[in-house]
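See below for the structure under consideration.
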Amino acid sequence: MNVFNVEKTMDKIELIGKSKVQHGHSSNRVYLMDFHPSDFPQIIEEMENIANNNGYTKIFAKIPSRFAPQFFLAGYVTEAIVPRFFNGLEDALFLVKYKDSTRREPNILEMNSFQELLLSQINAPIMDLDRKYQLRQLNHSDTKEMTEVFSQVFKTYPFPIFDTKFLKQEMQKGTRYFGVFIEGKLVGISSAECNNRLKNAEMTDFAILPSQRGKKLATYLLLTMEKQLIDEGFKSFYTIARLKSLSMNKTFMNNGYSYTGTLINNTQINGQIESMNVWYKNV
């Protein structure tokens, strides 16, 4: 089993030109989160320098497909793809470059279990949400309770979701958080990180309290987010789901998402660096 050490320090997000990059020793990588064409091709060398100067073992870039050849020449390979990611018109490639050959080795048991899931049958449609649950969009007044749920579900996370200030900032930037309540208590969370310009959204931050698992709450959250965003003209949804979380992968598989690749040993979550699966749905 491949386990990579995780430092307590949170990875930081900064701008390189007009492009948004996350890097740090927590996930031990450089991640080109939001690429701006004006920074091409120099962004490739700048990320390489950041990785070399800090000893990071992976570089991960999410880019429009027409910029890929220059990345390939610099040693990148494709680990996943999201068709029509950019405004419903251009594909996104998830490209990676490994600085340490051991990091490119997936966990064999996790991959075999996921393979079995992909070959299994999709479940039938679910019934309406039980009336004892209430589902709504979350706001600033919910952030304290949100951090409590996140803290019970995750030991560590790639972003500071345990901080109410961060959650409020994300809401102001356009991330939509949704919650499931029972008797007024928050028991499940999800979020849609929305790019209003490109009309795509990452469906992420699913956190269901252990006492409420097995009740398809993640599915209800996902369907609610989709409906609201489709009504607003969004064209592409995707997620980066933990390889080892078969239940979360099954949620996306059962709801019409397509699997396009695995980001090997990619993201720090729950105390170690894990491999992540990319799923997408276009509307």
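The values are calculated or read from the model by the stated rules, or taken from the named source; none is laboratory data. Just so it is clear, the structure is predicted and the values come from calculations on it, not from any experiment. Virtual Cβ from ideal backbone geometry, glycine too; neighbours counted across all protein chains shown. What goes into the accessible areas is simple: the full protein's heavy atoms, side chains included, and nothing from ligands, DNA or RNA. Shrake-Rupley method; radii C 1.70, N 1.55, O 1.52, S 1.80 Å.
Couple of notes before you dig in:
- Considering each residue of the stretch 96-116 in turn, at least one proves to be among the charged types (D, E, K, R), open to solvent by 20 Å² or more (accessible area, probe 1.4 Å) and farther than 18 Å from residue 273 by Cα.
- Among (1) in contact with a Pro (Cβ under 8 Å, 6 or more places away or on another chain); (2) within 30 Å of residue 49 (Cα to Cα) - the single one residue 152 does not satisfy: (2)
- Within the stretch 203-214, the residues that satisfy the criterion of being over 18 Å from the mean Cα position of the chain (by Cα), of a type outside the set (A, V, I, L, M, F, W, C) and either crowded, with 18+ Cβ neighbours inside 10 Å or farther than 15 Å from residue 249 by Cα (or both) are 210, 211, 212.
- Selection status of residue 39, closer than 25 Å to residue 88 by Cα and either among the charged types (D, E, K, R) or open to solvent by 40 Å² or more (accessible area, probe 1.4 Å) (or both): yes
- Exactly one residue among 223, 217 is among the aliphatic types (A, V, I, L, M), out of contact with any Cys (no Cβ under 8 Å at 6 or more places or on another chain), without any contact (Cβ under 8 Å) to a residue 40 or more places away in the chain and more than 20 Å from residue 80 (Cα to Cα), and that residue is 223.
- Within the stretch 137-158, considering residues that are without any contact (Cβ under 8 Å) to a residue 40 or more places away in the chain and not charged (D, E, K, R), the one most open to solvent (accessible area, probe 1.4 Å): 141
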